[in-house]
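Here's the structure, in structure tokens; my notes come after.
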Amino acid sequence: MWAALAMIRITHNLDKLVKHLNAIEKQIPFAAAKTLTVIGKQAKSQLGSDIRDVFERPTPYIANSPFSTVATKAKPETIVGIRDQASRGASPAQYIKEHFGGGIRGSKPFEMLLGGMGVLPAGWKAVPAAGLKLDAFGNPSRAQLKEILGALRTGLRVASGRGKRQSLQGYFVVLPGKTHRLSAHLSPGIWRRIERSGRSVIIPVFIFVSNANYRDSINLRKIAANVIERDFNAVFAREMVNALGTAKG
């Protein structure tokens, strides 16, 4: 009798255990897809934050350019990046690609037009200067660029302002390596001469530089790796619990 009181029989219910493990196995692809989608969204959010840190005043076109895709059971992956398509003009990816890989920035449409006119030498860039009015995002308006291009093409002087504030604006170019005694003291670029009340003032609109190098300031691989290391396990555990809770049968 004492022997019976000091013993316990331990057995198992393998069928129930196997059924439970099978249920877990069936839900893993679903939970994994959900997890990847969440991780992609978090990496996208961090990418957007880094863009706002790197660019002082990014336009909505650039600030809203990060994207992430939805993972599925059939295709368990999420893609995070910058949109590389545009309805017209350059895509966001084209505008900021140098900030991801470093190197020399590509030519902007305005610079390509200047190059076609023989105003901007090959390999040089036009950098906005003090005489250029910029919008809230630090960019010149299309109207202003059209005015400059038109004036350079025709050599016309452009009226600006109204009434007593009206003035004549003349745009002229100082080419690299080509100096004139009247412009020898000016840096290569596009300059504007304003005449008002008998006075003439010369202001730089664009300064030409031989290159515009960017360092690799946004590391997308590092962003993704940090998000995965920080959040993947916790997100997967949560999504696995949710998947098992909603599983049929």
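The values are calculated or read from the model by the stated rules, or taken from the named source; none is laboratory data. These numbers were taken from a predicted model, which means no experiment stands behind them. With ideal geometry, Cβ positions are generated from the backbone for all residues, glycine too; neighbour counts draw on all protein chains shown.
Any residue that is in the same structural domain as Asn219 (by TED's automatic domain parsing), under 17 Å from Asn226 (Cβ atoms) and buried (at least 16 other Cβ atoms within 10 Å of the Cβ) - is there at least one of those in the stretch 81-98?
Yes, the stretch 81-98 contains at least one residue that is in the same structural domain as Asn219 (by TED's automatic domain parsing), under 17 Å from Asn226 (Cβ atoms) and buried (at least 16 other Cβ atoms within 10 Å of the Cβ).
Filter the stretch 25-48 down to the residues that are under 10 Å from Ala71 (Cβ atoms) and in contact (Cβ under 8 Å) with a residue 60 or more places away in the chain and list them by number.
Answer for the stretch 25-48, where residues must be under 10 Å from Ala71 (Cβ atoms) and in contact (Cβ under 8 Å) with a residue 60 or more places away in the chain: Ala32, Lys34, Thr35, Val38, Ile39.
Conditions (1) in a loop (DSSP other than H, G, I, E, B); (2) over 15 Å from Ile207 (Cα atoms); (3) at pLDDT 80 or above, marked per residue:
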{"site": "Ser87", "(1), (2), (3)": "yes, yes, no"}
{"site": "Ser107", "(1), (2), (3)": "yes, no, no"}
{"site": "Leu120", "(1), (2), (3)": "yes, no, yes"}
{"site": "Ala126", "(1), (2), (3)": "no, no, yes"}
{"site": "Glu147", "(1), (2), (3)": "no, yes, yes"}
{"site": "Tyr171", "(1), (2), (3)": "no, no, yes"}
{"site": "Lys178", "(1), (2), (3)": "yes, no, no"}
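Please indicate, with yes or no, whether at least one residue in the stretch 54-71 is farther than 27 Å from Val205 by Cβ, without any contact (Cβ under 8 Å) to a residue 24 or more places away in the chain and in a loop (DSSP other than H, G, I, E, B).
Yes; the residues of the stretch 54-71 include at least one that is farther than 27 Å from Val205 by Cβ, without any contact (Cβ under 8 Å) to a residue 24 or more places away in the chain and in a loop (DSSP other than H, G, I, E, B).
Check whether at least one residue in the stretch 89-102 is assigned to a helix (DSSP H, G or I), acidic (Asp, Glu) and over 19 Å from Ser217 (Cα atoms), and report yes or no.
no
Assess whether Glu77 counts as being at pLDDT 95 or above and not in a helix (DSSP H, G or I).
Yes; evaluated as a whole, the condition is true for this residue.
Please work out if Phe30 is in the same structural domain as Arg238 (by TED's automatic domain parsing) and part of a strand (DSSP E or B).
When the stated conditions are applied, Phe30 does not pass them.
Tell me, please, whether a residue that is under 28 Å from Asn219 (Cβ atoms), within 18 Å of the chain's Cα centre (by Cα) and of a type outside the set (Gly, Ala, Ser) can be found in the stretch 117-132.
Within the stretch 117-132 (the criterion being under 28 Å from Asn219 (Cβ atoms), within 18 Å of the chain's Cα centre (by Cα) and of a type outside the set (Gly, Ala, Ser)), the answer is no, since none of the residues qualifies.
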